[in-house]
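First the structure, in the form of structure tokens, and then the observations on it.
The values are calculated or read from the model by the stated rules, or taken from the named source; none is laboratory data. Everything numeric in this text was worked out from a predicted model, so none of it was measured. Reconstructed Cβ throughout: ideal geometry from the backbone, glycine too, with neighbour counts over all protein chains shown.
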């Protein structure tokens, strides 16, 4: 779901279907929003809880919250306090039937900005609002992933709720940022071009972003319009697209990179029971023993699963992964343009690595079930997104791992995404 608007009171929807159809299903949901996450409270909401008439609820909130006093807190108004998670990492306000006690007793208007906003992702760019959905929510995942025609762009007007948290702000008025829109739209066009496989589209996206980054590094971005026009032409050139399809994959090197990332994920530990199930199924499907595993066995089992169980499903439903990437591109306001560093290529590296890691999860899970179906794919992607997309520390560690092993280059990242 992506929504845009021109002022403080209304927005324009690019994928209105999700905004119109999304509704929290509470206790019927397969997952719990607040499990395993920091549930923060803005100052205004925290103060309002101290004035609740019901003494039982007021005391329960008081006992279940803690002030955030860290000197590193960049926004003390927004992150004023937090709920103290229980031993099972669930919010203390969660009832046995998986509804929020505060919402149940007082109403949705009493929720904090964090709880009111999720699973919405609100950005603002040049006075324009964009509201996208997070696939870490099962209901949003259902609406985003299974759009057979891909995420389409349309415009409607909606009211922006004052309680929604504005996560990111960006400006495309000056410097390199003036190229934000043409780069963004061509990036999405590349990802949605179904003339070639999604893996090849990700390689093409990498070539485009790398050419832009090179121009920024060497020419300070002065010829970016030429690069954009060049890749618009390449996208229509069947011979050029065919040349990308012919690029050979060094599977051993590809899996070596992903093998290291899987090991680092194991070492970090897992806080989500739902993702733990997915992770265990991936490991079982790839026949990886956490105590003793080798690259050779990983490679053999990956190849077998990919050919026999993953491909038969994805050959007809590759739009699922395409929709995931397009939605994620919008969530993070890709591309990130900076005059000072390699942020443009960094954004591509993060997206591509997350995509490659997700593919490994699906290939592994396909081995566990000897095939894939919509329910298994939904749970795999949703639980993966919840543990990865919202974990800035892990995303940072991914890039550090790539750099430490000299994999932080277009050549290596292209290897990870190409089938």
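General remarks:
- If you go through region 178-195 and keep only what is buried (at least 18 other Cβ atoms within 10 Å of the Cβ) and in a loop (DSSP other than H, G, I, E, B), you end up with just 192.
- Residue check, residue 17 in the same structural domain as residue 127 (by TED's automatic domain parsing), surrounded by fewer than 20 Cβ atoms within 10 Å (Cβ to Cβ) and either within 30 Å of residue 275 (Cα to Cα) or modelled with pLDDT of 75 or more (or both): yes
- A search for C-beta distances below 7 Å between a residue of region 148-161 that is outside the structural domain of residue 190 (by TED's automatic domain parsing) and under 17 Å from residue 121 (Cα atoms) and any residue that is in a strand (DSSP E or B) and modelled with pLDDT of 65 or more, counting only pairs 6+ apart in sequence or on different chains, returns 160/129.
- Looking only at residues of region 34-52 that are in a loop (DSSP other than H, G, I, E, B) and modelled with pLDDT of 90 or more, we find that the one that is surrounded by the most Cβ atoms within 10 Å (Cβ to Cβ) is 52.
- In the set 260, 284, only one residue is part of a helix (DSSP H, G or I), touching a residue at least 60 places away in the same chain (Cβ under 8 Å), more than 22 Å from the chain's Cα centre (by Cα) and in the same structural domain as residue 307 (by TED's automatic domain parsing); that residue is 284.
- Residue match in region 302-325 (condition: surrounded by fewer than 18 Cβ atoms within 10 Å (Cβ to Cβ) and under 25 Å from residue 401 (Cβ atoms)): yes
- Set 61, 84, 106: member being more than 30 Å from residue 329 (Cβ to Cβ), surrounded by fewer than 19 Cβ atoms within 10 Å (Cβ to Cβ) and touching a residue at least 24 places away in the same chain (Cβ under 8 Å): 106
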